[in-house]
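Asker: Could you have a look at this structure, given as structure tokens, before my questions?
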Amino acid sequence: EENDMIQEGLSYFDIFKKGGTGIKAKKVKTSSPLATSEMAFKKGDNHAWGRSSIAVRANAVDILSYLWNYGCRSEWVADDLEKKILEANNDHNKVVCTSKSMPARLKNREYVGRLLWKRVNKGHYVFVTKPIDHVGRKRTDAFVRGSYPTCMQLKQLNEKETRIDWVCHPSAGGSIPS
């Protein structure tokens, strides 16, 4: 199951391969000249896929540790209502829930997903998030369930620098207003 989830996450990158899906990705201007970003719509989707790439001054293990430190209070932002670990299967596989406050007239959003990482080889890691339903967080009318499937590849370039390639397909769920 874990290997299947990693392979599914890596397949997200195929959306942006030339000739891979027949979808033309559009470049997106970024605030950093060091980053490249693009977005694409797959047939039948009503929200975009995004892809970004950047080299950062940190080693891959430190970046992975930062990503894995889910729910630490220092990473909360103003619209976070709750961040909770629902299940910790092992040191590289857990289920989490994030609840977000929305502006007036919109229902608050909730995201439940499995986080998984794997070392591919020395200096190369894959980090995947996959939306799931979980008995520890049943759907209610109080929240609209969003989704945020993601895959990151961390490739260490040298001792202090790592390339991050990232694909996501965020959806706030429901419709607006809702």
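The values are calculated or read from the model by the stated rules, or taken from the named source; none is laboratory data. Computed from a predicted model, the values in this text were never measured in an experiment. Glycine also receives a Cβ, built like all others from the backbone with ideal geometry; neighbour counts cover every protein chain displayed. Heads up: the accessible areas ignore ligands, DNA and RNA and are worked out on the full protein's heavy atoms, side chains in. Shrake-Rupley method; radii C 1.70, N 1.55, O 1.52, S 1.80 Å.
Asker: So what's the back-of-envelope 222 nm ellipticity for the chain, counting only DSSP H runs of four-plus at -39500 (n - 2.57) apiece and dividing by all residues, rounded to 500?
Answerer: Result for the chain: -3000 deg cm²/dmol, rounded to the nearest 500.
Asker: Averaging sequence separations of C-alpha pairs under 8 Å and six or more residues apart, then dividing by the length of region 96-160, give the relative contact order as a whole percent.
Answerer: This gives 33 percent for region 96-160.
Asker: With 31 Å as the limit, write out which pairs from K118/K138; K24/K83; K29/K130; K107/K155; K24/K138 have Cα-Cα distances beyond it, or answer none.
Answerer: Beyond 31 Å between Cα atoms: K24/K83; K107/K155; K24/K138.
Asker: Reachable aspartates and glutamates from K84, Cα under 17 Å, same-chain residues fewer than 8 places away excluded?
Answerer: E75, E110, D133
Asker: Would you look at the GNM of the chain, springs on alpha carbons closer than 10 Å, and say which of G146, G71, G44 moves the most?
Answerer: Of G146, G71, G44, the Gaussian network model singles out G44 as fluctuating most.
Asker: Pick the calculated Cα extents along the principal axes in Å for this structure from (i) 58, 31, 29; (ii) 77, 35, 28; (iii) 47, 38, 34?
Answerer: Among (i) 58, 31, 29; (ii) 77, 35, 28; (iii) 47, 38, 34, the one derived from this structure is (iii).
Asker: Next question. In region 64-146, which trypsin sites (Lys or Arg not before Pro) fall in coil by DSSP and have 10 or fewer other Cβ atoms within 10 Å?
Answerer: R105, K122, K138
Asker: Keeping all protein chains in place, calculate the accessible area per residue for the chain (probe 1.4 angstrom), answer in Å².
Answerer: Result: 61 Å² of accessible area for each residue.
Asker: Quick one: pull the percent of accessible area on region 69-137 belonging to carbon and sulfur, 1.4 Å probe, ligands and nucleic acids left out.
Answerer: That share works out to 51 percent.
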